[in-house]
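Let me begin by presenting the structure, written as structure tokens, before commenting on it.
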Amino acid sequence: MGHRRLSGDAGAATTEAVIVAPLVLFTLLLIVQLGLYFHAINVASAAAQEGAHEASLRAAASADPDVAVQQGEQTAQDFVDQFAAELLSDVAVDGEVVGNDQSVRMTVSGDVSQTIVIPGIDLAISVNETALSPVERFRPAGDVPVAP
């Protein structure tokens, strides 16, 4: 049997494509943006962990914890620059020694680059990840650490 066509259906496929194509494209770009966001979270978290680990190692071997924190911040910044230079912008790395010099806290934050630009709407997406690393020190036998 042949396919019967109504006389009023001319151009219906083109009209449907004009309506559906932007929605499909927007959905695709939204999926890409979500992927970039989750990748940025992973990179910021890894950078914070690397920086906190480096600072805790340096703090254990150094008498000045501020110098160790600065070196940890530089390690975290280098990590972001190496693995997400174009993904994260306005990166801020902040480290501090907490708990009576028992731990180092490193925070990495930044703005995720955008794939979707809608005029008049700012879709600023930012990440903020924190890592905490203990400062390991060797103590003589019988020495009890001070609770924070």
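The values are calculated or read from the model by the stated rules, or taken from the named source; none is laboratory data. Note that this is a predicted model, so its numbers are computed, not measured. Cβ atoms come from the backbone with ideal geometry, glycine included; neighbour counts cover every protein chain shown. We work out accessible area using only protein heavy atoms, side chains counted, and drop any ligands, DNA or RNA first. Shrake-Rupley method; radii C 1.70, N 1.55, O 1.52, S 1.80 Å.
For the chain, what is the calculated [θ] at 222 nm in deg cm²/dmol (nearest 500), taking -39500 (n - 2.57) for each run of four or more DSSP H residues and dividing by its residue count?
-17000 deg cm²/dmol
Distance from the Cα centre of segment 41-75 to that of segment 77-148, in angstrom?
That distance is 9 Å.
Compare Val98, Val24, Val80 in a GNM of the chain, Cα atoms joined below 10 Å, and give the one with the largest fluctuation.
Most flexible of the set in this elastic network: Val24.
Need one number: the % of Cα-Cα pairs in the chain sitting beyond the 18 Å mark.
For the chain, the fraction of Cα-Cα distances above 18 Å is 67 percent.
What number, in nm² with one decimal, is the all-direction average of the projected area of the convex hull of the alpha-carbon atoms of segment 77-148?
Across all orientations, segment 77-148 yields a mean hull projection of 6.9 nm².
On the protein heavy atoms, probe 1.4 angstrom, tell me the percent of accessible surface of the chain carried by carbon and sulfur.
58 percent
Could you state the angle between the C-alpha long axis of helix 12-61 and the longest principal axis of the C-alpha atoms of the chain, as a value from 0 to 90 degrees rounded to the nearest 10?
Once rounded, one gets 10 degrees.
Rounded to the nearest 0.05, what FRET efficiency do Tyr37 and Gln74 give with R0 = 22 Å and r taken as the Cβ-Cβ distance? Could you check?
Efficiency computed from Cβ-Cβ geometry: 0.30.
Over the chain, average the accessible area per residue using a 1.4 Å probe and give it in Å², no decimals. Let's see the in-between values first.
Values: 10020 Å² over 148 residues.
That works out to 68 Å² per residue.
Over the Cα atoms of segment 59-100, what is the Rg over Rh ratio if Rh follows Kirkwood? It would help to have the intermediate numbers written out before the result.
Values: Rg = 12.4 Å, Rh = 11.4 Å.
The Rg/Rh ratio comes out at 1.08.
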